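First the structure, in the form of structure tokens, and then the observations on it.
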Amino acid sequence: MTAIDPTAHLTAEQIEELGRELDAIRDEVIADRGEKDAAYIRKVISAQRKLELVSRGVLLFSIFPPAWLIGTAGLSVAKIMDNMEIGHNILHGQWDWMRDPKIHSTTWEWDHVSPADQWKHSHNELHHTYTNVIGKDNDLGYGIMRVDEDQKWHPFHLGQPLWNFINACFFEYGIAAYDLELGKNLHKRRRKNPEFRARAKAVGRKIRKQVLKDYVIHPLLSGPSFLTTLAATFTANLVRNVWSHSVIMCGHFPEGVQVFERRSIKGETRGQWYLRQMMGSANISGSKAMHFMTGNLSHQIEHHLFPDLPSNRYAEVAVKVRALFEKYELEYVSGPLPKQVFSAWHKVFRLSLPNKKPKVKTPVREQELIAA
């Protein structure tokens with residue numbers, strides 16, 4: 001919530017016209033999507049599965065350093081592909097139009113400790129509806145960080161750089177925790193709620209399944225390479241967690257990205273919703289490979305405008321969206337990954353401290369009276 005509203009120059013009519021222009025961009029892609037797009041996602045899924053299989057095979061011999069390095073690198077990339085370009089986007093319903101029951105948001109399950117159905121609720125229904133609205137969007141600060149100067153500061157916030165680092169390392173568990181909304185459900189009375197208990201049991205089952213696969217079965221199959229395969233799998237999960245956390249944090253937390261109060265979305269129109277997505281998101285610039293490894297969430301602005309469009313179309317959509325930013329004189333927040341990561345972490349540290357109170361100068365006449 002900045003002191004100066006960067007959208008104040010827009011009239012209500014302009015905002016709704018902006019919404020109509022964005023609707024037209026979306027409609028154009030929907031009308032054009034087809035076999036080329038379907039072939040893309042099938043190719044990516046096939047490549048990911050082959051890479052994971054080969055990498056796990058190499059890790060059976062991880063007692064040898066070259067095998068450990070190659071296998072760990074391959075498994076790290078495979079896990080990132082599974083979570084970012086494949087899982088995240090399929091669960092958004094980006095490929096539901098294919099009518100393929102094997103690649104559908106209602107049937108897909110991913111390599112992640114958070115069950116797909118719970119993630120879809122907290123992410124698709126809450127985060128994308130209430131993007132960057134304080135108190136409504138759990139993705140904003142993950143419920144453990146102060147995200148705006150207007151939020152009341154507490155001593156607890158001094159530790160938020162540490163909380164954020166820990167969250168990055170074990171990000172999939174952090175996601176599962178806030179999908180369960182643990183912050184408000186840890187109260188004894190709420191813990192007894194049947195719905196919460198059922199969701200908690202589902203998370204427990206998913207965690208056991210993931211741990212069994214990554215830290216028991218695969219290492220046991222490695223025989224004498226048990227410990228090195230265990231270390232390799234842990235490292236691959238760590239790399240995936242830190243990478244996905246960095247990408248997502250760069251999408252909503254760098255300097256220049258706006259946050260919003262609850263009252264600001266009361267009676268929100270379609271055009272106003274679009275405008276909030278534009279001002280509440282940031283992009284990462286880079287190569288095609290970098291965009292792919294982020295699951296095309298480097299096009300975070302376009303993703304938030306059109307979360308159900310195929311991710312392989314975001315690059316072409318971004319050109320048209322950026323032109324609208326220029327047309328309506330809005331800031332298109334974008335930058336290379338190192339710059340966005342630095343900006344986001346700088347904000348984490350800055351907001352961990354209480355606001356600096358401006359020094360109030362004592363009027364000259366009052367100084368004279370005090371001296372007397």
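In terms of solvent-accessible area of protein heavy atoms at a 1.4 angstrom probe, what is the ranking of T235, T229, highest value first?
The most accessible residue leads, giving T235, T229.
Would you mind getting the Kirkwood hydrodynamic radius of the chain from its Cα pairs, rounded to one decimal in Å? Please report the intermediate quantities before stating the final value.
Values: mean 1/r = 0.0444 Å⁻¹.
For the chain, the Kirkwood estimate is 22.5 Å.
Solvent-accessible area of T129, probe 1.4 Å, all protein chains present, reported in Å² to the nearest ten, please.
Approximately 60 Å² of T129 is accessible to the 1.4 Å probe.
If Y178, Y130 are ordered by their accessible area, calculated over protein heavy atoms with a 1.4 Å probe, which sequence runs from highest to lowest? It would help to have the intermediate numbers written out before the result.
Numbers: Y178 25, Y130 60 Å².
Correct descending sequence by accessible area is Y130, Y178.
Over the chain, with the other protein chains present, what is the accessible area per residue in square angstrom, probe 1.4 angstrom?
Spelled out: the 1.4 Å probe surface of the chain, per residue, equals 51 Å².
Which order, highest average first, do 337-346, 204-213, 87-96, 311-320 follow once you tally other Cβ atoms within 10 Å for each residue and take the mean per peptide?
Sorting 337-346, 204-213, 87-96, 311-320 by mean packing, highest first, produces 87-96, 311-320, 337-346, 204-213.
So what's the angle, to the nearest 10 degrees on a 0 to 90 scale, between helix 226-252 and the longest Cα principal axis of the chain?
Once rounded, the angle reads 30 degrees.
Under a crude label model (7 Å from the Cα following the beta-carbon direction), how far is T107 from R49 in nanometres?
About 1.2 nm separates the two model spin labels.
Less than 13 Å from a label point 7 Å out along the Cα-to-Cβ axis of M290: which backbone N atoms in the stretch 325-342 qualify, by residue?
Inside the label zone: 334-342.
Tally Lys/Arg at +1 and Asp/Glu at -1 over every other residue whose Cβ is under 15 Å from the Cβ of Q48; what's the total?
Summing Lys and Arg as +1 and Asp and Glu as -1 gives +3.
Checking a compactness column here: for the stretch 134-176, what do you get for Rg(Cα) / (2.2 N^0.38 Å), N being the number of residues?
Against the empirical 2.2 N^0.38 Å value, I get 1.16 for the stretch 134-176.
Determine the principal axes of the Cα atoms in the stretch 237-340, then give the extent along each, sorted from largest to smallest and rounded to whole angstroms.
For the stretch 237-340, the Cα extents along the three principal axes come out at 42, 28, 25 Å.
Return a whole-number percent for the relative contact order of the chain, with Cα pairs under 8 Å and 6 or more residues apart as the contact set.
Answer for the chain is 25 percent.
So what's the angle, to the nearest 10 degrees on a 0 to 90 scale, between helix 314-327 and the longest Cα principal axis of the chain?
Result, in degrees: 10.
Can you figure out the FRET efficiency of A12 with E261, using R₀ = 25 Å and their beta-carbon distance, to the nearest 0.05?
Efficiency, from the Cβ-Cβ distance: 0.85.
If I fit a long axis through the Cα atoms of helix 12-32 and take the longest principal axis of the Cα atoms of the chain, what angle between them do I get, 0 to 90°, rounded to 10?
Once rounded, one gets 10 degrees.
Between A198 and V211, with labels modelled 7 Å along Cα→Cβ, what's the label distance in nm to one decimal, could you check?
About 2.5 nm separates the two model spin labels.
Please report, as a whole percent, how much of the solvent-accessible surface of the chain comes from carbon and sulfur atoms (probe radius 1.4 Å).
63
The values are calculated or read from the model by the stated rules, or taken from the named source; none is laboratory data. None of the values given here were measured: they were computed from a predicted structure. Methodologically, a virtual Cβ is constructed for each residue, glycine included, from the backbone with ideal geometry; neighbour enumeration extends over all protein chains shown. The protein model used for the area step is the full one, side chains on, heavy atoms only, and it has no ligands, DNA or RNA in it. Shrake-Rupley method; radii C 1.70, N 1.55, O 1.52, S 1.80 Å.
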